[in-house]
Amino acid sequence: MVKHNQNGAVSGVGISLILCAVLLVAAIGFGAWAFTSRQDYKVNSDQKVSAAVTVAKQQESTSKDKQFAETEKKPLKTYIGPEAYGSIVLNYPKTWSGVVDSTGTSGNAQVDGYFYPGVVPSLTDQNSTFAFRMQVINQSYAEALKNLSNLQQNPENPSSITPYALPKLPKIVGVQINGGLPNQKTGVMVVLPLRAGTIELWTEGSQFTGDFANNILPNLSFSP
């Protein structure tokens with residue numbers, strides 16, 4: 001006579017039911033977690049997309065504003081200086097204003113120019129910062145360079161001095177100064193010999209270095 005192990009059969013069925021229950025609970029828990037995560041992701045994703053769209057629109061607007069500002073600078077205005085001081089031909093953005101004293105009575109400067117977008121700041125305020133400055137000084141190039149050489153020794157605002165020539169006057173070699181400038185200013189200056197004197201061209205601060213490099217220097221010329 002064959003005997004069946006009833007206890008073993010019951011144990012196997014019980015274990016199977018427990019496993020199924022555990023798997024079901026796990027599946028329900030995973031489903032609830034997945035649903036919650038999906039809803040949270042959807043909310044956060046919508047917020048991220050909205051934020052990204054806002055940033056993109058702001059960047060596009062800023063880009064268009066910059067492009068418009070650059071377009072408004074053209075065509076460039078032209079200043080032509082007296083023949084006695086080299087017949088300087090200067091082109092600068094038409095959105096800028098300029099004040100130039102070319103009477104030869106402005107101290108050591110025979111030509112003294114100040115330029116800035118819109119309205120030119122006070123010429124007598126030492127705190128005024130200009131987009132572009134130009135001077136023809138009654139001093140030899142060698143003397144001017146000697147006076148400027150100490151800028152490299154300033155520990156608080158040192159300068160670098162490198163050779164430079166205007167694109168339109170490649171044979172007239174002077175220097176370009178980056179960093180500390182005279183009168184405790186900072187920026188970029190170009191110094192070149194002009195006949196028996198010296199021409200100094202510079203921008204103060206960093207806001208207008210692009211205009212200085214792209215509009216002023218490539219278009220400036222004078223009669224040696």
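The values are calculated or read from the model by the stated rules, or taken from the named source; none is laboratory data. Note that the coordinates shown come from a computational prediction; the quantities given were computed from them, not determined experimentally. Virtual Cβ from ideal backbone geometry, glycine too; neighbours counted across all protein chains shown. Calculation scope for accessible area: heavy atoms of the full protein, side chains included, ligands and nucleic acids excluded. Shrake-Rupley method; radii C 1.70, N 1.55, O 1.52, S 1.80 Å.
Scanning the range 88-103 for residues that are open to solvent by 30 Å² or more (accessible area, probe 1.4 Å) and either touching a residue at least 60 places away in the same chain (Cβ under 8 Å) or part of a loop (DSSP other than H, G, I, E, B) (or both) turns up Val89, Lys94, Thr95, Ser102, Thr103.
Scanning the range 212-224 turns up no residue that is among the aliphatic types (A, V, I, L, M) and more than 24 Å from the chain's Cα centre (by Cα). Number of residues in the range 193-203 that are closer than 18 Å to Leu151 by Cβ and either open to solvent by 10 Å² or more (accessible area, probe 1.4 Å) or of a type outside the set (A, V, I, L, M, F, W, C) (or both): the value is 4. Cβ-Cβ contacts under 7 Å between residues 6 or more apart (or on different chains), taken from a first residue in the range 136-158 that is assigned to a loop (DSSP other than H, G, I, E, B) to a second residue that is open to solvent by 50 Å² or more (accessible area, probe 1.4 Å), are listed as Asn138/Asn108; Gln139/Asn108; Ser140/Ala196; Asn157/Thr186; Pro158/Gln152. Here Ser128 fulfils each of the conditions (1) more than 19 Å from Pro93 (Cα to Cα); (2) open to solvent by 30 Å² or more (accessible area, probe 1.4 Å) apart from (2). Figure legend. Inter-residue proximity from the range 195-214: first residues farther than 14 Å from Phe115 by Cβ, second residues open to solvent by 30 Å² or more (accessible area, probe 1.4 Å) and assigned to a helix (DSSP H, G or I), beta-carbon distance below 6 Å, spacing 6+ or different chains. Indicated pairs: Thr198/Tyr141. Quickly run through the range 49-87 and pick out the residues that are at pLDDT below 70 and either surrounded by 15 or more Cβ atoms within 10 Å (Cβ to Cβ) or among the charged types (D, E, K, R) (or both). The answer is Lys57, Glu60, Lys64, Asp65, Lys66.
From the set of residues in the range 176-187 that are outside any strand (DSSP E or B) and at positive phi, which is least open to solvent (accessible area, probe 1.4 Å)?
Per the criteria, the residue is Asn183.
Being open to solvent by less than 40 Å² (accessible area, probe 1.4 Å) and more than 27 Å from Glu70 (Cβ to Cβ) holds for only one residue in Val136, Val120, Val173, Val190, and it is Val136.
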